[in-house]
Amino acid sequence: MDAIHEWLLTGPAWVRYRTRRDLLGTPETDAQTQADRAAMLQDPAVLDLLQGVADWPGSVLKRHNDAAHPLHLLAFLCELGLNATDAPMQLVSERIFASWGVDGIPEMLYKIAPGYGGSGENQNAWMLCDAPLVLYALTRMGLGQDQRVLAARHALVQFVRANGWPCCVAAQLGKFRGPGRKDDPCPYATLLMVRLLKEETQPQESAALQTGVDTLLDFWEVRREKKMYLFGIGSNFQKLKAPLVWFDLLHVADTLSQVPAAVQDERFQEMARNLAAKADQNQRFTAESVYLSWKNWDFGQKKTPSYWITCLIHIILRRLQG
């Protein structure tokens with residue numbers, strides 16, 4: 001066993017579990033893998049996250065990079081490996097399905113001022129920078145073949161354009177649109193759609209998925225020349241940061257590394273080299289930026305290597321090897 005794998009297996013239960021499953025290829029039925037998963041489900045930090053999503057959809061979603069919002073807590077729980085067979089997640093999934101809109105797309109709770117196209121009151125709605133993430137979480141939970149999920153995926157795919165996904169919102173939000181040129185794609189919405197569509201890709205989704213991949217890679221190629229919807233690929237983008245909340249290198253690389261066509265692209269391989277170059281002499285990685293709401297996690301500080309970020313990057317690099 002490689003030294004880096006040995007080190008990762010000294011980490012928290014969720015890191016040990018993902019290391020065994022994704023780096024060592026250990027089957028789910030393996031006794032030690034099952035023990036690590038059981039320990040993960042009882043870890044106080046994970047239990048806190050489960051408590052945070054229990055009253056879904058939770059508080060008003062004021063900004064999509066709010067790392068403490070239940071939307072991102074849910075996505076992270078699914079990244080760790082929790083699914084709908086785990087009792088707390090089953091209850092959350094039921095609450096999510098209860099939040100489905102009349103147009104067949106899952107909704108969040110918003111309060112948008114009239115000056116920005118909203119009503120000024122709390123209202124249920126969706127945007128293309130949250131609905132795909134909800135569907136992604138449900139799919140990771142093992143509910144991807146539920147007809148409601150499939151129908152919602154199909155509805156969101158229809159918004160794709162030749163240059164990716166634009167800023168789109170539910171009809172009840174009227175003319176609300178993010179700060180950017182109408183003809184530009186939204187990099188974050190496109191990233192979330194690729195993150196969704198790479199999971200259990202349907203044949204009719206392949207072209208849209210490739211369009212999204214091309215959009216992200218094209219943006220990387222012209223990163224020194226332009227921004228779209230205020231998103232740029234500069235020094236902040238390059239900083240290692242977890243969990244995967246916003247439009248940054250680790251989020252984009254992890255997503256694209258799961259699409260075979262992207263892995264073969266030289267532009268993605270350049271991204272991967274940028275990631276790999278951040279390792280220390282022991283092939284460990286340290287957070288370069290943090291979300292304060294996650295300060296108690298190993299990636300919530302910038303002084304010592306993070307088990308989770310190290311695990312995630314080694315998983316990404318392993319995907320390049322086929």
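Only one entry in A131, A87 is under 25 Å from L244 (Cα atoms), of a type in the set (G, A, S) and buried (at least 23 other Cβ atoms within 10 Å of the Cβ), namely A131. Remark: V245 matches the filter, which requires a residue to be assigned to a loop (DSSP other than H, G, I, E, B) and closer than 21 Å to D66 by Cβ.
Residues considered: R195, R177, R181. Of these, the only one that is surrounded by 15 or more Cβ atoms within 10 Å (Cβ to Cβ), assigned to a loop (DSSP other than H, G, I, E, B) and touching a residue at least 12 places away in the same chain (Cβ under 8 Å) is R177.
When you scan the stretch 202-211, do you find a residue that is touching a Phe, Trp or Tyr at 6+ places or on another chain (Cβ under 8 Å), hydrophobic (A, V, I, L, M, F, W, C) and touching a residue at least 40 places away in the same chain (Cβ under 8 Å), even just one? So far as the stretch 202-211 goes, no, none of its residues is touching a Phe, Trp or Tyr at 6+ places or on another chain (Cβ under 8 Å), hydrophobic (A, V, I, L, M, F, W, C) and touching a residue at least 40 places away in the same chain (Cβ under 8 Å).
Within the stretch 62-82, residues that are assigned to a helix (DSSP H, G or I) reach partners that are among the aromatic types (F, W, Y) with beta carbons closer than 8 Å, at six or more positions or on different chains, in the pairs P70/W56; L74/W56; A75/Y136; C78/Y136; L80/W14; L80/Y17. Within the stretch 1-27, residues that are farther than 11 Å from M40 by Cβ and outside the structural domain of I313 (by the TED database) have Cβ atoms under 7 Å from residues that are of a type in the set (A, V, I, L, M) and not in a loop (DSSP other than H, G, I, E, B) in these pairs: H5/L23; L8/V15; T19/L8; D22/I315; L23/I315, counting only partners at least 6 apart in sequence or on another chain.
From the list L73, L47, which residue is crowded, with 17+ Cβ neighbours inside 10 Å and at pLDDT 95 or above? The match here is L73.
No other residue among G164, G120 is surrounded by 22 or more Cβ atoms within 10 Å (Cβ to Cβ), in the same structural domain as E200 (by the TED database) and at positive phi apart from G164. Across the stretch 135-191, the qualifying residues are those that are in contact with a Cys (Cβ under 8 Å, 6 or more places away or on another chain) and of a type in the set (F, W, Y), and the one among them that is farthest from D214 (Cα to Cα) is Y136.
The values are calculated or read from the model by the stated rules, or taken from the named source; none is laboratory data. Bear in mind the structure is a predicted one, so any value in this text is a computation, not a measurement. A quick note on method: Cβ atoms are made from the backbone with ideal geometry, for glycine too, and the neighbour counts reach across all protein chains shown.
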